[in-house]
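Report on the structure given below.
The values are calculated or read from the model by the stated rules, or taken from the named source; none is laboratory data. On a predicted model such as this, the values are computed, not experimentally measured, just so you know. Cβ coordinates were reconstructed from backbone atoms using ideal geometry, including for glycine residues, and neighbour counts include every protein chain displayed.
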């Protein structure tokens, strides 16, 4: 009987210890990720500031990250602006202030919808590709071959991608803002909002500060997308399965960080500040 109780006690102790072990592992992995990401970002920025840049690779990455992502970004933001305007115009027209649809739509798009959705789309499209490319090179030992040839993987693989993303995300966001507002305008007019009123409140309420801060956000988002994608790619293990896991992780982690970071950036840039 005592042996049975002893065995049961060992099993209960093992079960109780599992949450503690999981919590410890979770915190360890979290801080490992934070440390690796900041080290990778620091090394990448050091190469950029020293001018160690491959211009041809950077231009190629600008085309891939920015230009190739433009159509899906424009479609996503245009219909998001249209939906926002649809609900907003239906509401405010009843109160006789339909023209304020332009103000709400414009501020929402330039501050939040344009920058955030652009970053999410680029993270899903380009961030996953970065993780897959670097992960494939890692599992096939091409990264080790670069080191053997005295070529820094950070300079060769990450610097062009980070620089391209920092340049292209604000540019793509400008187009996204314009298309999103245009989509909102079209739906507002269809729903009975005067076009002149829409444009008038848009001009009055959307300030240059709002546009600039929205574009500055995308610089931080660009760094998140590239660094997370590269970090996850460099961790790839176990062939195609490991590459697929790293690709999935890079998209999920990037999008989560983008939304969390967006809150803190919005709080710093717009929280407690009245622009009107």
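Yes/no matrix, rows are residues, columns are (1) in contact (Cβ under 8 Å) with a residue 40 or more places away in the chain; (2) within 30 Å of residue 101 (Cα to Cα); (3) within 19 Å of the chain's Cα centre (by Cα):
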site	(1), (2), (3)
32	no, no, no
44	yes, no, yes
61	yes, no, yes
65	yes, no, yes
71	no, yes, yes
76	yes, yes, yes
89	yes, yes, no
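Residue check, residue 193 against (1) farther than 30 Å from residue 83 by Cβ; (2) modelled with pLDDT under 90; (3) surrounded by 20 or more Cβ atoms within 10 Å (Cβ to Cβ), all met but one. Which one?
The number of the failed condition is (1).
Do we find that residue 169 is under 30 Å from residue 205 (Cα atoms) and either touching a helix residue (DSSP H, G or I) at 6+ places or on another chain (Cβ under 8 Å) or surrounded by 24 or more Cβ atoms within 10 Å (Cβ to Cβ) (or both) in this structure?
Working: under 30 Å from residue 205 (Cα atoms): yes; either touching a helix residue (DSSP H, G or I) at 6+ places or on another chain (Cβ under 8 Å) or surrounded by 24 or more Cβ atoms within 10 Å (Cβ to Cβ) (or both): yes.
Yes: the conditions hold for residue 169.
Which numbered condition trips up residue 155, out of (1) part of a helix (DSSP H, G or I); (2) over 30 Å from residue 212 (Cα atoms); (3) modelled with pLDDT under 90?
(2)
Under 19 Å from residue 43 (Cβ atoms), surrounded by fewer than 18 Cβ atoms within 10 Å (Cβ to Cβ) and touching a helix residue (DSSP H, G or I) at 6+ places or on another chain (Cβ under 6 Å): does that describe residue 163?
Working: under 19 Å from residue 43 (Cβ atoms): yes; surrounded by fewer than 18 Cβ atoms within 10 Å (Cβ to Cβ): no; touching a helix residue (DSSP H, G or I) at 6+ places or on another chain (Cβ under 6 Å): yes.
The answer is no for residue 163.
Can you find a residue that is modelled with pLDDT under 90 and not in a helix (DSSP H, G or I) anywhere in segment 223-236?
Looking through segment 223-236, at least one residue is modelled with pLDDT under 90 and not in a helix (DSSP H, G or I).
What are the residues in segment 178-217 that are within 27 Å of residue 271 (Cβ to Cβ) and not in a helix (DSSP H, G or I), if any?
The answer is 206, 207.
Quick one: is residue 225 under 16 Å from residue 166 (Cβ atoms), exposed (fewer than 15 other Cβ atoms within 10 Å of the Cβ) and touching a residue at least 12 places away in the same chain (Cβ under 8 Å)? Lay out the reasoning, then the answer.
Numbers: under 16 Å from residue 166 (Cβ atoms): yes; exposed (fewer than 15 other Cβ atoms within 10 Å of the Cβ): no; touching a residue at least 12 places away in the same chain (Cβ under 8 Å): yes.
In short, no.
Can you find even one residue in segment 97-105 that is under 22 Å from residue 58 (Cα atoms) and out of contact with any helix residue (DSSP H, G or I) (no Cβ under 8 Å at 6 or more places or on another chain)? Break it down into steps so the answer makes sense when it comes.
Looking only at segment 97-105, we keep the residues that are under 22 Å from residue 58 (Cα atoms), and these are none.
Among the residues of segment 97-105, not one is under 22 Å from residue 58 (Cα atoms) and out of contact with any helix residue (DSSP H, G or I) (no Cβ under 8 Å at 6 or more places or on another chain), which makes the answer no.
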